[in-house]
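Undergrad: Below you will find the structure I want to go over with you.
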Protein chains: 2
Amino acid sequence: MKSDLDRLMADRGFDAIVVMGEAEANHSLKYMTNHAKITQGIVVKKHGEAPILIVGGMERDEAAKSGLSVRTMTDFHLYQHIKEAGNLFEGNMRMLGEVFGTFGVSGTVSFYGIDDPGTAFMRLKWLDEMLDSIIVTGETENTLFDEAYATKDAAEIEAIKQVAGDTNRVMAETVDFIRGHRLQDGALVGEDGAPLTVADVKRYVDARLLSYGLEDSGEKIFAVNRDAGVPHSRGEAGDELRLNDCIVFDLFPRSITTGYFHDMTRTFCLGRARPEVQRAYEQVMQAFSAVMDSLEVGKETSFYQNLTCDIFEEHGHKTIRTDPGTEEGYVHSLGHGIGLQIHSNPRFSAYSKETIQPGQVFTVEPGLYYPDQRYGVRIEDSVYVAADGTFHSLTPYPKDLIIPFD
Amino acid sequence: MKSDLDRLMADRGFDAIVVMGEAEANHSLKYMTNHAKITQGIVVKKHGEAPILIVGGMERDEAAKSGLSVRTMTDFHLYQHIKEAGNLFEGNMRMLGEVFGTFGVSGTVSFYGIDDPGTAFMRLKWLDEMLDSIIVTGETENTLFDEAYATKDAAEIEAIKQVAGDTNRVMAETVDFIRGHRLQDGALVGEDGAPLTVADVKRYVDARLLSYGLEDSGEKIFAVNRDAGVPHSRGEAGDELRLNDCIVFDLFPRSITTGYFHDMTRTFCLGRARPEVQRAYEQVMQAFSAVMDSLEVGKETSFYQNLTCDIFEEHGHKTIRTDPGTEEGYVHSLGHGIGLQIHSNPRFSAYSKETIQPGQVFTVEPGLYYPDQRYGVRIEDSVYVAADGTFHSLTPYPKDLIIPFD
């Protein structure tokens, strides 16, 4: 959590960190600025000291809501630097040099945030070469933000509980909406006899999300039959829902206010399930329960990915352990942390070296995929680990496979 | 436009470009992949050749909708590289090396997209040092994508016209919504006597945007009195609207389907305007009309920023030309291009070296700001330049200052 940042900096030998860039999709900037509604900014934090936020003058009032100490770019003579340098790039870099000088930033400085990679390469090379007092670095894996994000403080847990409760409500309302249709020649139709399409369902979901102050930042998955068999296929807008259809519905909205995500998936068969789908569902539920029942603080996350592979392989499925890159069977990792990012630490892959710890919030989402047999099954709950090491599901919505139609 | 990419690469001496990273807020990746719904990807384009898109296997079907030639990371042995390298970072870099080898990418390669800046620095340093056949570079200003974005092809213009029409409709509906309230002791109240707040208006706007398939990616500005005087203040949710209030309403949604933005601002006074607001409005309209009437293909964009400064200075206002960093008077630049980004080329600042060209779509948005006098005024239309050099407003909604209440 955020209070770990100084320890995480010390572990890595960083004297200061800089978080920069535009705000959209900039998780570390949002994290450091407490989700202030700025369009871009620079946060500078020296080890053991409070962070400072630097923004354009037009954004000073929104920036102040971060609770950080705020300075404007004009305070560090941005316009003068641009004029002297003759271009925006070097003017901005010189201003950053002045910021470092003013606050006595020296030693190893690690950079985070969002940038165009080529631009970042040029910027950081410039700083590394032109400023004698600092050594520029960056992180490539398990960055200090990844580690900080992996555990949540009480306020973050509350924010996630809020979005989780509302997401479960939208899931329930959507199933009711689908059930509000009737069968006609094997197709689901509304009062007016018009067929129910994937686009209709998504429109309904969007309106319900909005009513709770949630937004769909990526795009929800409501994928039917073959599409359900490809984990990241979103669903075809024009697909009409029919009896026997197999649907993977993966809903992962975030709060417009707090920026926190919840993530859940249910698989539904309309009216009845084909025998192979029913069997896959039971096997997915077996893996799901085996994982949930054995969650334990201190255990490696890779243990649970391997446990899931064990179960699926025993049932004769290919897995990414036996067949890396397979597009049938169990084709992904078991779960991931959620927070201000939809995918964060801890990662539940075979490569992960993390362990389960109090404060984590993560998904558990085993699945089986057979696109050529026109189905996929995935069941996903989000779970948080309380300070006392107990596990709590954030996803109470039932896991029934069948949505009954007469 | 996109068909300029080979020319723009040649101008810069680039043998290949690479666009990479997560898809959220990744304008260049969305541009190159025609807004395909992938969560991340790598596009490699050699000079004079068609681009290739590389994604994770789970996203192959969504990736195919880009119309590009699609390969999966497994095709380039990602899992084997990770295993051999012993870590994800180097495994991914080795895979990219294999991609370059397979497609014969050599010479100067420039990188784009989105990444954590520190990570990008480490990645590009690795590629530069480990791959003998390529020289890694990036761009810092007026990148080839900035230049390509600055002009739109016919399909892009159509997409922007669509979102523009719908945004104008939401603006009109919102004014009707506000007018649907009545005055009670100087406050706007609904049928039930409850005061109308900024949050109520924003909720109404969100629902209307959604009904047109638009989303509010940043956050609309509906800022009252002092907040209206600070250009990027978003408005306080709890503020109750009252007679005489001065409101800056800046609406810049994007289409969920196409990703294109429209951007418009109106300033409203409820019932009546204070004399100083009325005067500022007239001066802003004078600058607005002077710019619109003198738009001309081939002219430098900086000319129009200077023209605006001339007019405001003549009326005794500070401008960022006379007082760089001023927080009163005219405190920003005149406009910016719009497209898949809300801010792109051409830029209408005093530093810009661009000229007006057919195919551009940009905002014209003069404003005057006096936070301590509790008001700001900004009027903004978006304009496109047709192939024949004629100028067309995308923002027909009236510019009346007063919303009448009896």
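The values are calculated or read from the model by the stated rules, or taken from the named source; none is laboratory data. Keep in mind it's a predicted model, so treat the numbers as computed, not measured. For neighbour counting, all protein chains shown are included, and Cβ atoms are generated from backbone atoms with ideal geometry for every residue, glycine included.
Undergrad: Of the residues B:M58, B:M20, only one is touching a helix residue (DSSP H, G or I) at 6+ places or on another chain (Cβ under 9 Å) and either modelled with pLDDT of 95 or more or surrounded by fewer than 21 Cβ atoms within 10 Å (Cβ to Cβ) (or both); which?
TA: Exactly one residue qualifies, and that residue is B:M20.
Undergrad: Now for a separate question. Within the set of pairs 6 or more residues apart or between chains, which connect a residue that is away from chain B (no Cβ under 14 Å) inside the stretch A:327-338 to a residue that is buried (at least 21 other Cβ atoms within 10 Å of the Cβ) and hydrophobic (A, V, I, L, M, F, W, C) with Cβ atoms less than 6 Å apart?
TA: Cβ pairs passing all conditions: A:L334/A:F348; A:G335/A:F348; A:G335/A:F362; A:G335/A:V364; A:G337/A:A150; A:G337/A:F362; A:I338/A:F261; A:I338/A:V361.
Undergrad: Ok, one more. Could you look through the stretch B:93-132, keep only residues that are under 20 Å from A:R123 (Cβ atoms) and among the basic types (K, R), and pick out the one that is nearest to the chain's Cα centre (by Cα)?
TA: For the stretch B:93-132, the residue satisfying everything is B:R123.
Undergrad: Further question on the same structure: Do we have B:I42 as closer than 27 Å to A:G113 by Cβ and touching a Lys or Arg at 6+ places or on another chain (Cβ under 8 Å) here?
TA: For B:I42, the condition - closer than 27 Å to A:G113 by Cβ and touching a Lys or Arg at 6+ places or on another chain (Cβ under 8 Å) - is not met.
Undergrad: Just the residues that are over 30 Å from A:I342 (Cα atoms), in a loop (DSSP other than H, G, I, E, B), in contact (Cβ under 8 Å) with a residue 40 or more places away in the chain and of a type outside the set (D, E, K, R), please, taken from the stretch B:11-53.
TA: If the condition is that a residue be over 30 Å from A:I342 (Cα atoms), in a loop (DSSP other than H, G, I, E, B), in contact (Cβ under 8 Å) with a residue 40 or more places away in the chain and of a type outside the set (D, E, K, R), then B:G13, B:F14, B:H47, B:G48 are the ones that fit.
Undergrad: Further question on the same structure: For the stretch A:379-389, enumerate the residues that are over 18 Å from A:A164 (Cα atoms) and not small (G, A, S).
TA: A:D388
Undergrad: With respect to B:D128, is the statement that it is without any contact (Cβ under 8 Å) to a residue 24 or more places away in the chain, in contact with a strand residue (DSSP E or B) (Cβ under 7 Å, 6 or more places away or on another chain), closer than 27 Å to A:G325 by Cβ and in the same structural domain as B:P51 (by TED's automatic domain parsing) true?
TA: For B:D128, the condition - without any contact (Cβ under 8 Å) to a residue 24 or more places away in the chain, in contact with a strand residue (DSSP E or B) (Cβ under 7 Å, 6 or more places away or on another chain), closer than 27 Å to A:G325 by Cβ and in the same structural domain as B:P51 (by TED's automatic domain parsing) - is not met.
Undergrad: Out of B:V163, B:V248, B:V175, which single residue is modelled with pLDDT of 95 or more and assigned to a strand (DSSP E or B)?
TA: Checking each option against the conditions leaves just B:V248.
Undergrad: Just to be sure I understand the filter: pairs with C-beta atoms under 8 Å, separated by 6 or more residues or on different chains, first member in the stretch B:288-302 and more than 14 Å from B:T390 (Cβ to Cβ), second member of a type in the set (G, A, S). Which pairs pass?
TA: So the pair list comes out as B:E300/B:S352; B:T301/B:G335; B:T301/B:S349; B:T301/B:S352; B:S302/B:S349; B:S302/B:A350; B:S302/B:S352.
Undergrad: Quick one: count up the residues across the stretch B:131-152 that are among the aromatic types (F, W, Y) and without any contact (Cβ under 8 Å) to a residue 24 or more places away in the chain.
TA: 0
Undergrad: Go through the stretch A:337-374 and give me each residue that's part of a loop (DSSP other than H, G, I, E, B) and charged (D, E, K, R).
TA: Those that are part of a loop (DSSP other than H, G, I, E, B) and charged (D, E, K, R): A:K353, A:E354, A:E365, A:R374.
Undergrad: Taking the condition within 12 Å of another protein chain (Cβ to nearest Cβ) and touching a His at 6+ places or on another chain (Cβ under 7 Å), does A:E62 pass?
TA: yes
Undergrad: Further question: Taking the condition at pLDDT below 95, charged (D, E, K, R) and under 26 Å from B:T143 (Cα atoms), does B:K353 pass?
TA: yes
Undergrad: Select from the stretch A:89-119 the residues that are of a type outside the set (S, T, N, Q), within 26 Å of A:G48 (Cα to Cα) and in a helix (DSSP H, G or I) and list them in ascending order.
TA: Within the stretch A:89-119, A:M93, A:R94, A:M95, A:L96, A:G97, A:E98, A:V99, A:F100, A:G101, A:F103 qualify.
Undergrad: May I pose another question? Tell me which residues, restricted to the stretch A:23-52, are of a type in the set (D, E, K, R), buried (at least 20 other Cβ atoms within 10 Å of the Cβ) and over 18 Å from B:A25 (Cα atoms).
TA: Passing the criteria: A:K45, A:K46.
Undergrad: Mind checking which residues of the stretch B:275-334 are of a type in the set (G, A, S) and not in a strand (DSSP E or B)?
TA: Within the stretch B:275-334, B:A280, B:A287, B:S289, B:A290, B:S294, B:G298, B:S302, B:G316, B:G325, B:S333 qualify.
Undergrad: Next up: Identify the single condition in (1) farther than 30 Å from B:L8 by Cα; (2) within 22 Å of the chain's Cα centre (by Cα); (3) surrounded by 19 or more Cβ atoms within 10 Å (Cβ to Cβ); (4) within 14 Å of chain A (Cβ to nearest Cβ) that B:D200 does not satisfy, given that it satisfies every other one.
TA: (2)
Undergrad: Scan the stretch A:2-10 and give yes if some residue there is free of Cβ contacts under 8 Å to residues at least 12 places away in the same chain and out of contact with any strand residue (DSSP E or B) (no Cβ under 6 Å at 6 or more places or on another chain), otherwise no.
TA: Taking every residue of the stretch A:2-10 in turn, at least one turns out to be free of Cβ contacts under 8 Å to residues at least 12 places away in the same chain and out of contact with any strand residue (DSSP E or B) (no Cβ under 6 Å at 6 or more places or on another chain).
Undergrad: Among the listed residues A:F252, A:F348, identify the single one that is touching a residue at least 40 places away in the same chain (Cβ under 8 Å), crowded, with 20+ Cβ neighbours inside 10 Å, of a type in the set (F, W, Y) and within 12 Å of chain B (Cβ to nearest Cβ).
TA: Just one listed residue meets the conditions, A:F252.
Undergrad: What do you reckon, is A:L183 modelled with pLDDT under 95, farther than 30 Å from A:A387 by Cα, touching a Phe, Trp or Tyr at 6+ places or on another chain (Cβ under 8 Å) and among the aliphatic types (A, V, I, L, M)?
TA: In short, yes.
Undergrad: Check B:G86, B:G57 and return the single one that is among the small types (G, A, S) and within 9 Å of chain A (Cβ to nearest Cβ).
TA: Exactly one residue qualifies, and that residue is B:G57.
Undergrad: Quick one: count up the residues across the stretch A:201-231 that are free of Cβ contacts under 8 Å to residues at least 40 places away in the same chain and part of a loop (DSSP other than H, G, I, E, B).
TA: 3
Undergrad: Any residue in the stretch A:386-406 that is within 15 Å of A:T151 (Cβ to Cβ) and in contact (Cβ under 8 Å) with a residue 60 or more places away in the chain sitting within a Cβ distance under 7 Å of a residue that is among the hydrophobic types (A, V, I, L, M, F, W, C) and not in a strand (DSSP E or B)? List the pairs, counting only those 6 or more apart or interchain.
TA: A:G389/A:V297; A:F391/A:L295
Undergrad: For the stretch B:227-245, name all the residues that are surrounded by fewer than 19 Cβ atoms within 10 Å (Cβ to Cβ) and within 12 Å of chain A (Cβ to nearest Cβ).
TA: Selection gives B:E236, B:A237.
Undergrad: So, in the stretch A:106-142, of the ones that are within 7 Å of chain B (Cβ to nearest Cβ) and hydroxyl-bearing (S, T, Y), which residue ends up surrounded by the fewest Cβ atoms within 10 Å (Cβ to Cβ)?
TA: That would be A:T137.
Undergrad: Then there is this: Can you tell me which residues in the stretch A:1-23 are under 25 Å from A:A154 (Cα atoms) and of a type outside the set (K, R)?
TA: A:M1, A:S3, A:D4, A:L5, A:D6, A:L8, A:M9, A:A10, A:D11, A:I17, A:V19, A:A23
Undergrad: Taking A:Y79 and the conditions (1) farther than 29 Å from A:D11 by Cα; (2) modelled with pLDDT of 95 or more; (3) among the aromatic types (F, W, Y), which numbered condition does it fall short on, given that it satisfies the others?
TA: (2)
Undergrad: Condition check: surrounded by fewer than 20 Cβ atoms within 10 Å (Cβ to Cβ), touching a Gly at 6+ places or on another chain (Cβ under 9 Å) and at the interface with chain A (Cβ under 9 Å from one of its Cβ atoms). Does B:D75 satisfy that?
TA: It is true that B:D75 is surrounded by fewer than 20 Cβ atoms within 10 Å (Cβ to Cβ), touching a Gly at 6+ places or on another chain (Cβ under 9 Å) and at the interface with chain A (Cβ under 9 Å from one of its Cβ atoms).
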